[in-house]
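Down below is the structure, laid out as structure tokens.
The values are calculated or read from the model by the stated rules, or taken from the named source; none is laboratory data. Please read all numbers here as calculations on a predicted model, not as lab measurements. Note that we place each Cβ from the backbone using ideal geometry, even for glycine, and neighbour counts take in every protein chain shown. Ligands, DNA and RNA are stripped out before the accessible areas are found, and what is left, the full protein with its side chains, is counted by its heavy atoms. Shrake-Rupley method; radii C 1.70, N 1.55, O 1.52, S 1.80 Å.
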Amino acid sequence: ILVIVVFIVGTISFLSSYSDLDKNYAQFESIQLSELTERAKNVSDVANFMDSYIIAPRDNGVIADCKESVLPNQITYSAYNVFDFNIRHNSTNPLLKRTDSLTWAFIISMFLSFVTLLFSFDAISGEKEDRTLALVFSNPVPRRTFLLSKLCSIITVIFGMAVMGMLISLLILAFSGKVQLNAGFFMEVFCFAVISLLFMLVFASFGLLSSAVTRQSNVSLLISLCFWLFSAVVIPNTSVFWANKLFPIPTADEVNRTMEQELEDINKNAPEGSWSSSGDPFYPRHELRANNQTNLMNARKRHKDAYYQQMFQQFEKTRRLSLMSPIAQFDYINEAFLGGGYLRFQKNWNDLHIFQTQFLQWFKDVDAKDEKSPHWYNPYENYSTSRQPIAVDQIPRYQEQLAPFMERLQFIISYLVVMVIMIVVFFGLCFYFFVRYDVR
């Protein structure tokens, strides 16, 4: 009953937040289109404007939010450069923003993993204490059959709870009409169920292992609780510490100081008149101004891109380190097959760089046809490029492309291999100690 209640509350909470996020995103798109229509009166303004791309909310977020609430979801770009990224809070009060939601993945990883250990910690040690194990083996019962039946019974009960909760959640989603339940969505639900089954096997195997190596249930319970705390609390909450110690990178202040020093040097060494301007597009010093602005932009781009790359590498190395936690493995697998979280952000970041070069080439092609333009490309101003109007429907706009399934599968396989190895090791050790146990 408790599991079902949590699933129901989580689904209702998701529908409410998703409805608000979807409404805010639609309003943002509408405002962007109206602003683009205004800028279309001058094609140089279209190219120079530092636009923002907001990553849309996912309708399959009820399965797993993939930590997208704390990941960057706004990327700033123009035809000349992809500048930076940040977190855009859609709530009225960002202080109320929670990092975890009651998604299916959160319920299974944090709640049912704990319940699985509670069902398995005394499966063998309890029978040792009650002296019923000797009675069982006085009959011709193979130990492997006994052990496998324990594992299957635990998984059947726990997985049955999860399936019941997911079915009720699906009914709520279907009656709400806010989420499109198509074949793709049901395929994601099926994949999630299979992954959840493997995840539960990890904790059931460890629970049986702790039960097999001890003679008292309170000791096996303590071992199981330590394993859960290590997986759910210790590793996630110490990852930042280990990232800074093992994979250090410069601070943002250090990068900014170095960048500002180079920008100052560029301005000092710029030819005289590089900041001059005139109402005449062909004013000779506009070319100097355009070159100086381009040099400044390239310097910023070089420093920021290098810093962002260091951030990405530090994040990815930390993720590999946290694979010791089955809960982290479960989260990363969900992120991969749902196409969300960090993988989604990384793909949008890379795709926007490709789009930006195409956007700039489109602008240069338009500018080349304008005889009233001197074709001196200034990344921030419209002094020396075409000022003719352009139809809105001719302006390229970035659209997110979901990662192909085969690309996501590459990440899933590596995480699945680690999870399967854990299951084999835990259950193998459990079988070894259980076979060696002398019931006398």
Under a no-solvent Debye model with one identical scatterer per Cα of the range 177-241, what's log10 I(q)/I(0) at q = 0.27 Å⁻¹?
-> -1.06
Compute the projected area of the convex hull of the Cα atoms of the range 205-249, averaged over all viewing directions, and report it in nm² to one decimal place.
-> 3.8
Take the alpha-carbon positions of the range 217-284, form their convex hull, and give its projected area averaged over all directions (one quarter of the hull surface) in nm².
-> 9.2
Would you tell me the accessible area of D253, worked out with a 1.4 angstrom probe on the heavy atoms of the protein chains, in Å² to the nearest 10?
-> 100
Per residue convex hull volume, Cα only, the range 59-199, in Å³ is 195
Considering only protein heavy atoms, with the full assembly of protein chains and a 1.4 angstrom probe, order R300, R143 by accessible area, largest first.
-> R300, R143
Count the net charge of all other residues whose Cβ sits under 14 Å from the Cβ of A299, scoring Lys and Arg as +1 and Asp and Glu as -1.
-> +1
Alpha-carbon centroids, the range 28-86 and the range 273-325: separation in whole Å | 18
Inverse of mean 1/r across different Cα pairs in the range 1-135, Kirkwood, Å | 18.8
Keeping all protein chains in place, calculate the accessible area per residue for the chain (probe 1.4 angstrom), answer in Å².
-> 51
Given the Cα atoms of the range 277-419, and with Rh set as the inverse mean 1/r over their pairs in the Kirkwood sense, what is Rg to Rh to two decimals?
-> 1.16
How big is the shadow of the Cα convex hull of the range 361-424, averaged over all directions, in nm²?
-> 7.7
Carbon and sulfur atoms: what percent of the 1.4 Å accessible area of the range 95-188 do they account for?
-> 67
Rg followed by Dmax, in Å, when the range 1-72 is reduced to its Cα trace = 17.8, 62
Would you tally the net charge around Y398, using a Cβ to Cβ cut-off of less than 11 Å, leaving Y398 out, and scoring K and R as +1, D and E as -1?
-> -2
Can you pull the accessible area of S276 for me, 1.4 Å probe, Å² to the nearest 10?
-> 30
Per residue of the chain, what 222 nm ellipticity follows from adding -39500 (n - 2.57) for every DSSP H run with n ≥ 4, rounded to the nearest 500?
-> -22000 deg cm²/dmol
Simple label model, 7 Å out from Cα along Cβ direction - S153 to N267, nm | 7.7
Can you pull the accessible area of T214 for me, 1.4 Å probe, Å² to the nearest 10?
-> 10
Could you give me the radius of gyration and the Dmax of the range 145-288, taking only the C-alpha atoms into account and expressing both in angstrom?
-> 30.4, 90
How much of the accessible area of the range 238-311, probe 1.4 Å, is carbon plus sulfur, in whole percent?
-> 53
Rounded to a whole number, what % of the accessible area of the range 1-85 do carbon and sulfur atoms account for, probe 1.4 Å?
-> 61
Quick one: helix 341-368 against the long Cα principal axis of the chain, what's the angle to the nearest 10°, folded into 0 to 90?
-> 20
Do the alpha carbons of any pairs in K23/K364; K317/K347; K268/K372; K128/K150 sit beyond 25 Å of each other, and which pairs?
-> K23/K364; K268/K372
Considering amide H positions built from the backbone, and no H for Pro or chain starts, which residues 5 or more places from D84, or on another chain, come under 5 Å of its amide H?
-> T76
Treat the range 330-406 as a sphere of radius equal to its Kirkwood radius over Cα pairs and apply Stokes-Einstein at 4 °C in a medium of 1.567 mPa s; give the translational diffusion coefficient in µm²/s, rounded to a whole number.
-> 85
Once fully extended, how much extra length lies between H353 and V234, figured as 0.36 nm per residue of separation less the alpha-carbon to alpha-carbon distance?
-> 39.1 nm
Net charge near G341 (other residues with Cβ under 12 Å of its Cβ; Lys, Arg +1; Asp, Glu -1) is +2
Largest first and to the nearest Å, give the Cα extent of the range 129-187 along each principal axis.
-> 58, 22, 13
Virtual spin-label span in nm between K301 and Q216, 7 Å along Cα→Cβ = 6.8
Ranked order, I63, I87 - accessible area, probe 1.4 Å, largest first = I87, I63
Starting from the Kirkwood radius over alpha-carbon pairs of the chain, derive D by Stokes-Einstein at 4 °C in a medium of 1.567 mPa s and give it in µm² s⁻¹.
-> 50
